[in-house]
Amino acid sequence: MRSLPLLISLALFSTPLLAHDNHRAAEDIHEIKREVVKLRREVHALKNENEEAAEMRKLKKEVARLRKDIRSMQDLILDLQASVEAQSKNTHPDVVLQPVKERPRWACYMKDVRAGGMHSKGFSEVEAKGKLLETCSTRGGVCFENRITCSAE
């Protein structure tokens with residue numbers, strides 16, 4: 001199939017023009033040459049379409065592979081979650097977790113001219129300061145962390 005257009009083009013383009021005497025035969029040869037050029041363009045267009053289709057197949061395979069990888073990762077995450085839950089139930093008896101209510105809490109206080117006196121509590125100093133700064137900003141105060149006083153309860 002690939003050599004047929006090549007043979008036709010060689011035969012048409014390399015033969016000497018014997019049609020000097022016959023003007024109609026020369027016009028026919030030129031028309032055939034134009035048709036051969038059109039056919040070549042169509043063959044190249046089909047080749048490009050085939051390459052695009054092959055690239056699309058590759059992309060579809062890649063997407064399917066990635067989806068499979070995602071599913072396997074999701075399964076691994078579920079397995080890890082189950083493992084962590086099982087380990088948390090089987091903790092060592094020498095490790096005693098304090099209930100949330102018994103954990104030490106932090107209290108912070110700040111006085112502002114615009115917002116007035118404010119205080120907040122948190123499980124950590126950072127949390128208590130963050131809550132206090134949020135309260136200060138919602139009240140329209142001038143909020144700076146260096147003006148906050150905190151202590152552990």
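Taken together, the values in this text are just the output of simple stated rules run on the coordinates, not laboratory data. The structure displayed is predicted, hence computed values, not measured ones. FYI the Cβ positions are ideal-geometry reconstructions off the backbone, even for glycines, and counts take in every protein chain you see.
Each other residue within a Cβ distance under 12 Å of residue 136 adds +1 if Lys or Arg and -1 if Asp or Glu, for a net charge of +3. Under 19 Å of direct C-alpha separation, and excluding same-chain neighbours fewer than eight residues apart, residue 111 reaches these lysines: 121, 129, 131.
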